1. Pairs please, first residue from segment 194-218 and without any contact (Cβ under 8 Å) to a residue 12 or more places away in the chain, second anywhere and surrounded by 11 or more Cβ atoms within 10 Å (Cβ to Cβ) and part of a loop (DSSP other than H, G, I, E, B), Cβ atoms under 6 Å, 6+ apart in sequence or on different chains.
2. Select the helices (runs of 4 or more DSSP H) contained entirely in segment 122-218, then report the ones holding at least 3 residues which are over 19 Å from residue 103 (Cβ atoms) and touching a Pro at 6+ places or on another chain (Cβ under 7 Å).
3. For the condition surrounded by fewer than 19 Cβ atoms within 10 Å (Cβ to Cβ) and within 29 Å of residue 181 (Cβ to Cβ), what is the one hit in 105, 68, 81, 76?
4. Of everything in segment 159-207, what is over 25 Å from residue 123 (Cα atoms) and of a type in the set (D, E, K, R)? Give them in sequence order.
5. Tally time: how many residues in segment 86-102 are acidic (Asp, Glu) and within 16 Å of residue 181 (Cα to Cα)?
6. If the Cβ limit is 9 Å and pairs must be 6+ apart or interchain, which residue in segment 30-48 that is in the same structural domain as residue 13 (by TED's automatic domain parsing) and in a loop (DSSP other than H, G, I, E, B) pairs with which residue that is hydroxyl-bearing (Ser, Thr, Tyr) and surrounded by 15 or more Cβ atoms within 10 Å (Cβ to Cβ)?
7. Does segment 34-53 hold any residues that are under 24 Å from the mean Cα position of the chain (by Cα) and among the hydrophobic types (A, V, I, L, M, F, W, C), and which are they?
8. Run residue 112 past the list (1) under 19 Å from the mean Cα position of the chain (by Cα); (2) modelled with pLDDT of 95 or more and report the number of the one that doesn't hold.
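The values are calculated or read from the model by the stated rules, or taken from the named source; none is laboratory data. Just so it is clear, the structure is predicted and the values come from calculations on it, not from any experiment. A quick note on method: Cβ atoms are made from the backbone with ideal geometry, for glycine too, and the neighbour counts reach across all protein chains shown.
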Amino acid sequence: MSGSVTAFADYEAVVARAQRRHPEWRAGQTAFNVLGRLYPDLSRAVETTPLDPFSEDERLPAFLGWVERVLTTSAERGAVEQTLIRSIHERLPELRGLLDECDGERGSEDLVYRFYHQSFKVYEIQLLTGRIVAELENLLQGRLLNSWFTNIVERGTGRSFRSSHNKRWLLHTRPLLEAFWHARYMLAMVVRYGEELSAPPDELPSGWAAVLDLYGLR
């Protein structure tokens, strides 16, 4: 079909134009309406499901991740995966250094201790989480990270200590550790398979599969 949208980047461009033409539409409404105009079968498949963002904008990241996976062909996925591997190779010394810092005495060894000691210094673990996420985002710039991962990170970063948190310590600080451990796991898998892979593997190891899920490539 002439002029049809054949990739996620093109879909995003149409969404942006539609939003400018219809500023009264919410972001989720715009994204859904454009999908319905270009791919009515896909919009019907997602309508009224927990991914449908038409009435709830907070569903938009998960919805866009789903659209990206559906619109990306196998050949395109392979090309993006190769780009990811190449980016990891280029940043491998920095990534390895950050992983070593996370696992070092002044990294998780000390900061997890601070959690059990009920010290406000556990809040410093957010700095490591933020640095990891920035590195992961930089490997494939402009690509959305997995919405579950993003949600976990959002709940465990950007927090400031208050003395009242001592009364509900687990409620306030466990999300900080959870966000760090998820981010640290992804960093470890990126480093491990960046050292092992030069091209997309024929047999998919679980750790590399998790990395591909992180970037919406599965």
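1. Final answer for the pair search is none.
2. Because the criterion is at least 3 residues that are over 19 Å from residue 103 (Cβ atoms) and touching a Pro at 6+ places or on another chain (Cβ under 7 Å), the helices (runs of 4 or more DSSP H) in segment 122-218 that meet it are 147-155.
3. 105
4. 192, 195, 196, 202, 203
5. 2
6. Short answer, once both residue conditions are applied: 39/11.
7. Result: 34, 35, 42, 45, 46, 51.
8. Of the numbered conditions (1) under 19 Å from the mean Cα position of the chain (by Cα); (2) modelled with pLDDT of 95 or more, the odd one out for residue 112 is (1).
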